[in-house]
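The values are calculated or read from the model by the stated rules, or taken from the named source; none is laboratory data. From a predicted model like this one, the values you see are computed outputs, not experimental measurements. With ideal geometry, Cβ positions are generated from the backbone for all residues, glycine too; neighbour counts draw on all protein chains shown. For accessibility, only protein heavy atoms count, side chains too; no ligands or nucleic acids. Shrake-Rupley method; radii C 1.70, N 1.55, O 1.52, S 1.80 Å.
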Amino acid sequence: MRVEQNVPDSVTEPRLWVKHQPVLAMALRPGSIQLGLRRSEMIRLTFGAGEMSLVPGHLEKWFRNEDLHYLLIAISDAALTAASDGTIGEVELRRTDNLVDARLRALVEAVNAERIAGFPSVRLFLDSIEQALAVALVNGYAVRHRSVQTHRGGLGSARLRRIKEFVHAKMEDELTLCEMAQSVELSTAHFSRMFRKSTGESPHHFVLRHRVERAKEMLRAAEARVLDVAVACGFKTQQHFARVFRRMCGASPTEYRQEFLQH
């Protein structure tokens, strides 16, 4: 967990804000800030003291801090994963502005009191606060996805890791079952049986799921065209990509991007 206090900018020009980890920001006093995907398209958000903003990871925004004093807490992916107990796979949080949540506010205020005192407590205190924040965020603000369970028997962990690395390396290519089997030195028939026994899904669905996950990462960048995302993730046509994405995510690629980027 990383803790920062932010004060109004001394410069008037907007700056690019890049966050790879999810962050929770709480206004320490009333104020406003301007945000936008582009410098020419920024909007003003006003916060009362104690109001918060939850910002998912992998986000790039232009911002100008007009008069807002706020505390920013970056939550580690490890804490979020531990808080989910592996039930939702990789944790993805919903962007939420002007958030009012008594439990989250109490935890953030505890961190702020520790900061003001000069962080006198041992590291375990902040680790405990981070875990409590992660549990509250996962329970209240996580986008839920079906997790893929690991079943007894089948392929070992080393072979499963090699398969995953192979699929990621060949993301743009048209993969075949034979190529996947050869990557772990097994026959096609034996590989198919062992793979399903290990993961509970077919090799085909495994590849589609990882392609969609890569597509979601790319869609979080507003500059990437949907067609370019489809090609980079191994889909032959944009239409096929859209059908698969909607079936697995419940929304079109464009709808997913708009929901992720909206304030």
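See the values below:
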read-out: For the chain: lysine pairs under 28 Å (alpha-carbon distance), excluding those fewer than 8 apart on one chain; value: 13
read-out: Proximal charge balance of residue 245 [Cβ under 10 Å; K/R count +1, D/E count -1]; value: +4
read-out: Cα-centre dipole for segment 2-114 with unit charges at Cβ (Lys and Arg positive, Asp and Glu negative), debye to 20; value: 260 debye
read-out: Whole-percent carbon and sulfur share, accessible surface of the chain, 1.4 Å; value: 51 percent
read-out: Computed accessible area, residue 159, all protein chains, 1.4 angstrom probe, square angstrom; value: 80 Å²
read-out: Counted charge near residue 33, where neighbours are those whose Cβ lies closer than 11 Å (Asp, Glu -1; Lys, Arg +1); value: -1
read-out: The chain - percent relative contact order, Cα under 8 Å, separation 6 or more; value: 16 percent
read-out: Dipole of the chain, positive direction: furthest Cα of 210, 81, 6, with charges on the beta-carbon; value: 210
read-out: Percentage relative contact order, segment 1-133, counting C-alpha pairs under 8 Å, at least six apart; value: 30 percent
read-out: Solvent-accessible area of residue 121 with every protein chain in place, 1.4 Å probe, in Å² to the nearest 10; value: 60 Å²
read-out: Fully extended contour minus Cα-Cα distance, from residue 116 to residue 32, at 0.36 nm per residue; value: 28.0 nm
read-out: Accessible area (Å², per residue) of the chain, counting only protein heavy atoms and a probe of 1.4 Å; value: 52 Å²
read-out: Fluctuation leader among 168, 205, 20 - the chain, Gaussian network, Cα springs under 10 angstrom; value: 205
read-out: Dipole moment magnitude, nearest 20 debye, the chain about Cα centre, only Lys, Arg, Asp, Glu C-beta charged; value: 880 debye
read-out: Relative contact order, percent, segment 197-263 [alpha-carbon distance under 8 Å, six or more residues apart]; value: 28 percent
read-out: Residues whose placed amide H lies under 5 Å from that of residue 21, excluding near-sequence neighbours; value: 58
